[in-house]
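Input: a single structure, listed below in structure tokens.
The values are calculated or read from the model by the stated rules, or taken from the named source; none is laboratory data. This one's a predicted model, so the numbers in the text were calculated from it and none came from an experiment. Note that each Cβ is placed from the backbone with ideal geometry, even for glycine, and that neighbours are counted across all protein chains shown. Each accessible area value is taken on the protein alone, full model and side chains, heavy atoms only, with ligands, DNA and RNA left out. Shrake-Rupley method; radii C 1.70, N 1.55, O 1.52, S 1.80 Å.
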Amino acid sequence: MGPTSPAQPGVTVEDVLTTFPELRDIADDDLRRSVVDIWLEVLAESGWDSIADVPKHPYEVPASVKLVEHTRSTTQMAVAVAEVAERVQGAPYDRDLLIAAANLHDVSKLMEFEPSEEGGRASRFGRLVQHGVYGAHKMWEKGLPLELVHNVIVHTETSRYAPQTWEAVVVHAVDALDSRALDLLHGGVPAVTKD
């Protein structure tokens, strides 16, 4: 089954792969293992007992909307969009980096939110550190490619930088798309964006 998380001794590598089966599609074993290790490390550092408990964003959608489903949806949409763009437009992409970036784009939410009676609230960390930065930091620690670090930093509207790689453009767009869909599903109005 593999090593466990120090703070949550029952959480294993296999648990992360079961939670995010899309990670099994990463062909590079070292990259896949690094992505899993980042989830295990950030979970151990957080106040959460399980990745499955973390809300997507408790101030934008109900806390019952979980990060796992948003992450899986974003990852699957990213691959689908990239496959279509490659088939129809001839736009090449790095599948491993795309899956890794889409999967890790919100890993920092384990630190940005903390458990509460309502299902989650902003932590002090989340109020002081820009979204996405901690996930990028963990990738940098693992020596992952600069393009992957960039992809996670620029996936959010709060970034001062625009996506500079095709994979970053795709993750940025499908993350926003899934978030807008969740807004509509839960009674909100999606944000209006400029063309």
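Quick notes
- Selection over the stretch 57-66 of residues that are in a loop (DSSP other than H, G, I, E, B) and either buried (at least 17 other Cβ atoms within 10 Å of the Cβ) or of a type in the set (Lys, Arg) (or both) gives a count of 5.
- So MET139, is it more than 23 Å from ASP178 (Cα to Cα), open to solvent by less than 40 Å² (accessible area, probe 1.4 Å), under 15 Å from the mean Cα position of the chain (by Cα) and at pLDDT 95 or above: yes
- Residues of the stretch 72-83 satisfying the condition of being open to solvent by less than 50 Å² (accessible area, probe 1.4 Å) and of a type outside the set (A, V, I, L, M): SER73, THR74, THR75
- If you go through the stretch 33-56 and keep only what is free of Cβ contacts under 8 Å to residues at least 60 places away in the same chain, open to solvent by less than 50 Å² (accessible area, probe 1.4 Å) and under 14 Å from the mean Cα position of the chain (by Cα), you end up with VAL36, LEU40, ILE51.
- Residue that is free of Cβ contacts under 8 Å to residues at least 24 places away in the same chain and open to solvent by less than 40 Å² (accessible area, probe 1.4 Å), where the choices are GLU69, GLU86, GLU112: GLU112
- When VAL170, VAL107, VAL152 are screened for being in contact (Cβ under 8 Å) with a residue 40 or more places away in the chain and part of a loop (DSSP other than H, G, I, E, B), only VAL107 passes.
- Check on ASP178, farther than 16 Å from VAL79 by Cα and touching a residue at least 24 places away in the same chain (Cβ under 8 Å): no
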